[in-house]
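The values are calculated or read from the model by the stated rules, or taken from the named source; none is laboratory data. All values derive from a computational prediction rather than experimental measurement. Reconstructed Cβ throughout: ideal geometry from the backbone, glycine too, with neighbour counts over all protein chains shown.
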Amino acid sequence: MIEFTFALAIGALFGIGVFQLLRRDLIKAAIGFAILFSAINLFFVAAGAFEGDFAPYVSNVEAQRQTSDPLVQALILTAIVVSFGSFSLVLGFVNIISRRYDTIDSNEINKLKH
Amino acid sequence: MELLIVTAIPFLLAVFLALPAVRSALDKSAQTLLSSLVMAALFIWLLAFAPRLQAEPTVIQSFDWIPSLGITLSFYLDGLSLLFSLIITGVGALIFFYAGAYFDDASEHNRFMIWLSSFAGAMLAVILSGNLLMMFVAWEMTSITSFALIGFKGGKDADAREGAFKALFITSCGALALIVGIVMLSVAAGQMLYPDLGITLVADIESILKAKSLAQHEWYTLFAILIMLGGFTKSAQFPFHFWLPGAMSAPTPASAYLHSATMVKAGIYLFARLSPVMYQNDLWTSMLLTVGLLTMLVGAYFAVKQKDIKGLLAYSTVSKLGTIVAMIGLPDQNGLKAALVGIIAHALYKSALFLVAGAIDHATGTRFINRLGGLRQRLPALFFVTVISALSMAGMPFLLGFLAKEVLLDAMLHYTAPWTQLVMLVIVFSAVFTAMAAYMLIYDIFLGKPRSEIHFHRPSALINLSPVLLSLLSLSLGLLLEPLLLPLLRLAVPKVFELSLFAGFNDVFILSLAILAAGFVLFLLRKPLIARITFPISCDMIYREILAYVRWAGTTVLHTQSGFVRYYLVIILGAVAAVLIASGTLSNIAAGQRLLPTDFSVTITDLAKIFMLFLTVAAGVMTVVVREHVKAAIAYGVIGYAIGVIFLIDHAPDVALVQLLVETMATVLIIIMLGRIRASIRLKMIEGLWTGRHDYNLGILRDLGISIVIGLAVFVFALIALVNRPERDSIAEWHLENTHLVNTEDVVGAIVADFRGTDTLLEIAVFTTAALGVLTLLARGRQTGGAFVPQTLQPSSLREFDEDVVEEIQDATSLSTPFTRSVSYVVLPVAILIGIEQILYGGRGPGDGFTAGVTIGLAVSLWYIVFGYYEAKRQLPWFRPELITRLGLVLAIANAVFPIVIGKGFMGHVEFDRALGLYDLIGSFGLHITSSLIFEIAIAITVMGGLGIIIEAIAYPTARSNGRQENAYDEHETMQHV
């Protein structure tokens, strides 16, 4: 059941992110971009090989307790920081675009190009 | 080991010259002296190998490189590579010295020397490598350094850019062919190391058998042609020769070194090296002979037509390279002998002539032959050099060039094939034209009428030293055959090698004199003759045509680019779907997989997670439907926090901590960014979208449709992946069981800092790159139409901005209340303490390098928000993000590399406390000083610095000239209007 809910939420967030990217408002597109990152991180945590009732520490392992999957956590840990870096870069681009073209409407920028 | 060191030294020299401290401490003459002495020392070192090679024919030294693929870093020195490496270091020492006098500007000189010594290292690596793959890597390095040297003046000189591109384009196309050829050859022979391939200087039964079987191989034609293409392009053989004249836009020392003495000989070296392996098939020898002769002819014929001295020298180099290639194509050892003598003679006289051309350019400001004349009195030393070197080029008796021509003609007279007569004719014809070019160099530049119109400034006498030494060698080496030249040549061509400068008035001697005389007649007739030299089509034109087609194809393809994200999305996803369905991958994946969960039970924690998931989706919908951007940003923050809570419920404390901190940071970032975008722009967008103007919402159904399809697809994939995820048989188990080996409690931390440390290293590098991107976009790139503003980020330069400072503080007042100020003061030290705690004790509880970095980064960003840019800069002088980031990356890399030194391999686990005997002492504080801990510290410093860069770039005040800029705090006013 929980898998089903996770999949539903991931799909929904992904769809929302893509929709934001498709629309004309660049600020919301940037937010949509960040939502895509969140959806992927969510997928990672759900895709862990096993779930557990304890954090992955050596003491828990030695006590034969069922820990959560540390590998996906390590993946997400670095992914969060890197996606924050790319997100700030996207925001920087939006900022520069708004300054240079005096608009945050992607359609208008397209018109300027031709 | 010695050969590795020999190859590494020029690279180390380049790094040394690039160090800022060295650049400021050593002036131009010290750098010149140092670098030429280094090359001279290498020359002597290599020379010392000669006695050793007399005892054993080869020196082989090998190190593991990629052991899993059987690739080694192997070095191979025999008589042939010794000869080439002596030219590289010997001529190199003289040219390095010359460069000091050639460049007036010290920083240009330094930049040039960095590239030139890197090139010398790459070239030595080509010659000394002991397997084909390593040779190829070095080969490509010479192309790249050559590109930088040809385009050295590219900043202001379009010719230099074009020449550099042309050279790189031609040689790397050739290199592509070469790598395929090398791989095919290695597969066909089953070997890659030189000795195993059958590369040898003395043909024994074994190597002949190997060569014979290779010649019968079904791929032979293909890989022989591919390898030859590589060599032909590199050594400027017809029809690829035209890049060499184009490369003359390089500074002259580079032309003399790369494009005459060394790099263009790499192709020749390749042919000479592989000949013992390849020569058993006629294709090899006949192709080399044909292409070489054609090149010889084309080069000699067009050389005399050139107006630029360097152009003339370039074409004559092409001609000589052709001669040498043709000689290697001769099936007997006489050919190799002629080639080697030719290489030495050419390296000496041609680089001397190039250096003269550079000095003349330096003295008169021109290199055009018809503008020069009568320079004999003014530049007597250079006149001497030119007479000796040009006559050596022409083959005047008893100079070294004469010897080369003698061996060449001798080899041809020994060659018996149906076409010998024709081949002989081609050689004589080219030699006559070469002699003519040599006379032109002497007469038209130094004799004749002095030109009064040229501006003359006397170059420093030091510029003469290298060319004079080179020409003295041309003069004397022919006379000092037995003590100097012959022993070296015998090492390279071990079969009976006899050579004498004067063998009596035989056919060869008479032919040489006849060539010189015929060249003189042509020289007297040069004016009408040169006017007649034309050719309707040149290779350069064909090259341009091809480039034009490439450009046309590029613009044509560009027309299909609409610039709308939706088209790209639809095309990409459509293509992926089509491939998946058509190839049957999709049905393969789906087969045997459950599509629906079997377990429908719901626990209490599941309920909590479901609630949080619902929250994320609801907040996601909010980001779409709310009007104001600020509200969308806050809704986005809600998504982040909800996901953080999910991590927490899933027993991932480290991840949850990072997620919550970063999400805070991201939300703050969006809001600050919003403040930097003019409110009117945003209002226009919002009004357009929400006041029912029809055209703003055109296509909304289409976009909705696309997103629903994508969302559904992701849902289905995610469901299949999650439902069918493997049970406990995961590599995660391994990590859980082995974490205790690296002295930490936290398995996630161990994976990040140790097991998968290389990934993390790359990831912090990516993060830093992104941060620098933001900085470039916002703080540096803003100044359009002018130079970059110097580092105003230094607190010491703040006084010049006094007015700005005042204004900045006033801007900040809206958020700068006594309360927020005191909070900021308190938060920063606390954050730093928390950060330190998280790094040191991250192994025991939540937190690690990432959380520490983000925590401190957040505290600093609070300062920038509350106090504004200048005030924060003034109050936190120690916070210099770029420096901090640099420090973090250097620490991370040093920590990763250090284990190699003690033999534990890249990113190995080192227990510093145990090594120092402090294990128990430090351990009593619950700490372990290991390489993982140092890596965590490096991660924290890098992340903190990167965040600092981003926040500083964002807080950087915008240009005042555009009126009062909007800032974050106008957001409040804006909101009231909406």
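If you filter region B:740-769 down to residues that are assigned to a loop (DSSP other than H, G, I, E, B) and touching a residue at least 60 places away in the same chain (Cβ under 8 Å), you find that the one that is farthest from the other protein chains (Cβ to nearest Cβ) is B:N743.
Within region B:859-871, the presence of at least one residue that is away from chain A (no Cβ under 14 Å), more than 22 Å from B:N743 (Cα to Cα) and in contact with a Lys or Arg (Cβ under 7 Å, 6 or more places away or on another chain) is confirmed.
Just so you know, in region A:24-40 the residues that are at the interface with chain B (Cβ under 7 Å from one of its Cβ atoms) and assigned to a helix (DSSP H, G or I) include one that is nearest to B:G843 (Cα to Cα), and it is A:S38. The set of residues in region A:41-50 that are at pLDDT below 80 and more than 7 Å from every other protein chain (Cβ to nearest Cβ) contains only A:G48.
Within region B:246-261, does at least one residue satisfy the condition of being surrounded by fewer than 21 Cβ atoms within 10 Å (Cβ to Cβ), assigned by TED's automatic domain parsing to the domain that holds B:V428 and part of a helix (DSSP H, G or I)?
Within region B:246-261, the subset surrounded by fewer than 21 Cβ atoms within 10 Å (Cβ to Cβ) is none.
No; the residues of region B:246-261 include none that is surrounded by fewer than 21 Cβ atoms within 10 Å (Cβ to Cβ), assigned by TED's automatic domain parsing to the domain that holds B:V428 and part of a helix (DSSP H, G or I).
Scan region A:99-114 residue by residue and report those that are surrounded by fewer than 17 Cβ atoms within 10 Å (Cβ to Cβ), assigned to a loop (DSSP other than H, G, I, E, B) and either among the aromatic types (F, W, Y) or facing chain B (nearest Cβ under 7 Å) (or both). Matches in region A:99-114: A:D102 only. So, A:L21, is that one closer than 27 Å to B:A721 by Cβ, free of Cβ contacts under 8 Å to residues at least 24 places away in the same chain and more than 7 Å from chain B (Cβ to nearest Cβ) or not? Considered against the rule, which asks whether it is closer than 27 Å to B:A721 by Cβ, free of Cβ contacts under 8 Å to residues at least 24 places away in the same chain and more than 7 Å from chain B (Cβ to nearest Cβ), A:L21 comes out as no.
Being out of contact with any His (no Cβ under 6 Å at 6 or more places or on another chain), hydrophobic (A, V, I, L, M, F, W, C) and modelled with pLDDT under 80: is that true of B:F535 here? Yes: the conditions hold for B:F535. Right, B:A633: out of contact with any Pro (no Cβ under 8 Å at 6 or more places or on another chain) and under 16 Å from A:L42 (Cβ atoms) or not? No; evaluated as a whole, the condition is false for this residue.
Any chance you could count how many residues in region B:376-401 are crowded, with 23+ Cβ neighbours inside 10 Å and touching a residue at least 60 places away in the same chain (Cβ under 8 Å)?
Going through region B:376-401 one residue at a time, the tally reaches 13.
Every test in (1) at pLDDT below 90; (2) surrounded by fewer than 23 Cβ atoms within 10 Å (Cβ to Cβ) is passed by B:F446 save one, and that test is (2). Across region B:11-32, the number of residues qualifying as of a type in the set (G, A, S) and either in contact (Cβ under 8 Å) with a residue 40 or more places away in the chain or crowded, with 18+ Cβ neighbours inside 10 Å (or both) comes to 3.
Tell me yes or no: at least one residue of region B:237-255 is modelled with pLDDT of 85 or more and farther than 30 Å from B:I360 by Cα.
yes
Taking region B:646-694 as the range and being among the acidic types (D, E), assigned to a helix (DSSP H, G or I) and either at the interface with chain A (Cβ under 9 Å from one of its Cβ atoms) or crowded, with 23+ Cβ neighbours inside 10 Å (or both) as the test, the residues that pass are B:D654, B:E663. Of note, A:D69 does not satisfy the criterion of being among the charged types (D, E, K, R), closer than 28 Å to B:A618 by Cβ and in contact with a Lys or Arg (Cβ under 6 Å, 6 or more places away or on another chain). Out of B:I442, B:I463, B:I454, one residue alone is under 22 Å from B:L355 (Cβ atoms), part of a loop (DSSP other than H, G, I, E, B) and β-branched (V, I, T). It is B:I454. Of all residues in region B:498-507, none satisfies being within 23 Å of B:L375 (Cα to Cα) and of a type in the set (S, T, Y).
Taken over region A:63-98, the criterion of being at pLDDT below 80 and facing chain B (nearest Cβ under 8 Å) is satisfied by A:T67 alone. From the list A:I104, A:I109, A:I97, the one residue that fits, being of a type in the set (A, V, I, L, M, F, W, C) and in contact with a Phe, Trp or Tyr (Cβ under 7 Å, 6 or more places away or on another chain), is A:I109.
Taking region B:596-642 as the range and being in contact (Cβ under 8 Å) with a residue 40 or more places away in the chain and at the interface with another protein chain (Cβ under 7 Å from one of its Cβ atoms) as the test, the residues that pass are B:P597, B:K609, B:H629, B:A633. Tallying residues that are charged (D, E, K, R) and in a loop (DSSP other than H, G, I, E, B) within region B:359-379 yields 3.
Yes/no matrix, rows are residues, columns are (1) under 27 Å from the mean Cα position of the chain (by Cα); (2) at pLDDT 85 or above; (3) of a type in the set (S, T, Y); (4) under 30 Å from B:G905 (Cα atoms):
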site: B:I5; (1), (2), (3), (4): yes, yes, no, yes
site: B:A8; (1), (2), (3), (4): yes, yes, no, yes
site: B:A18; (1), (2), (3), (4): yes, yes, no, yes
site: B:T32; (1), (2), (3), (4): yes, yes, yes, no
site: B:V38; (1), (2), (3), (4): yes, yes, no, no
site: B:A41; (1), (2), (3), (4): no, yes, no, no
site: B:W45; (1), (2), (3), (4): no, yes, no, no
site: B:F49; (1), (2), (3), (4): no, yes, no, no
site: B:R52; (1), (2), (3), (4): no, yes, no, no
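Of all the listed residues (B:S796, B:S814), the sole one being assigned to a helix (DSSP H, G or I), closer than 25 Å to B:S861 by Cβ and at pLDDT below 75 is B:S796.
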